[in-house]
Amino acid sequence: MKHILLPTDFSKNSINAIQYALKLFENQECQFYILNIQKASSFITDNMMAVNSSTTIYKTLIDAAKKSISNILTTIKKTNDNKKHQFHSVVDYDNFIDSINQVSEKQNIDLIIMGTKGASGLEKVLFGSNTVRVMQRCAVPVLAIPNGYTFKPIDRLAFITTNSKKFKTGELDILTQFVNYHNAVLNVLHVSDEKNVLDSTQDNSVFFNSNFSNLKHDYINTTSSNLFNEVSDCIKKNNIDVLAIINKKHSFLQRLFTTHTVERLAFKIDIPLLVLQHKD
């Protein structure tokens, strides 16, 4: 049974990510934890001035969030009543990352699924700041769903590696589960540029060939300035449905979230991004 964490701020992006999660695990028994995190500083508004003096701001905020989650669950039961799915409402009054880490540890969360902000105007923001922080600072794999993205069957996944380290059995468990569960093809994108030498390519090719029966290897040797164009072209050429990447120090992911690379990538990758967490 999967334990899935679904953070929500009740925006369209987060609700869309919840709907995606329900479709993704439609045929699998899951415990879904819908989490809303409140911050006191965000709610000092004119409306709060009308709160009865006998009622604390804390209780008012928590009760309102619980009601909003209850409304989400009511809608789910009306439109997608799946006996294999169980839901839990969690409202916390804490730092965003601390709350997600605490809930993840307490509930043995296997995967966090979050919505992302679409590229908007000149800002070209690919991910919301909270989504980026969760990817970088949480110990659980994260699946980021683009704004407005509608679920479709997963036939092909791509995993990007610079082969700066050798992979070990168990390190890519969540990727293995995705591939097996959907009977999907895995495209391994071996990327090399002037900062990343393909020193473990052969070892990792053997690793992937041993652990995945239905896969394809692509080798990209490029400069940093062309890296994202080539990755994007490979994704489009192979009709990739989900892009997977591992988060580790000095990794592709870290470079992905620098200002310039986000702007270059914002309009190029419009599919779900699965971020795996590096384990020492």
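The values are calculated or read from the model by the stated rules, or taken from the named source; none is laboratory data. Being a predicted model, the structure only gives us computed values, none of them experimental. Neighbour counts run over all protein chains shown; Cβ positions are idealised from the backbone, glycine included.
Looking only at residues in region 238-254 that are at pLDDT 80 or above and assigned to a strand (DSSP E or B), the one that is surrounded by the most Cβ atoms within 10 Å (Cβ to Cβ) is 244.
Within the option set 15, 57, 44, 62, being among the hydrophobic types (A, V, I, L, M, F, W, C) and modelled with pLDDT of 90 or more holds for one residue only, 15.
Which count do you get for residues in region 140-168 that are over 19 Å from residue 190 (Cβ atoms) and not acidic (Asp, Glu)? Show your work before the answer.
Within region 140-168, the subset over 19 Å from residue 190 (Cβ atoms) is 140-155.
Okay, now just the ones that are also not acidic (Asp, Glu), so 140-154.
Qualifying residue count, region 140-168: 15.
The rows are residues; the columns are (1) within 19 Å of residue 228 (Cβ to Cβ); (2) modelled with pLDDT of 85 or more; (3) more than 19 Å from the chain's Cα centre (by Cα).
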position: 158; (1), (2), (3): yes, yes, no
position: 162; (1), (2), (3): yes, no, yes
position: 165; (1), (2), (3): no, no, yes
position: 168; (1), (2), (3): no, no, yes
position: 182; (1), (2), (3): no, yes, no
position: 190; (1), (2), (3): yes, no, yes
position: 194; (1), (2), (3): yes, no, yes
position: 206; (1), (2), (3): no, no, yes
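Among the residues of region 133-144, the ones that are over 14 Å from residue 95 (Cα atoms) and either surrounded by fewer than 19 Cβ atoms within 10 Å (Cβ to Cβ) or modelled with pLDDT of 85 or more (or both) come to 7 in all. Scanning region 106-128 for residues that are surrounded by fewer than 18 Cβ atoms within 10 Å (Cβ to Cβ) and modelled with pLDDT of 95 or more yields 106, 107, 108.
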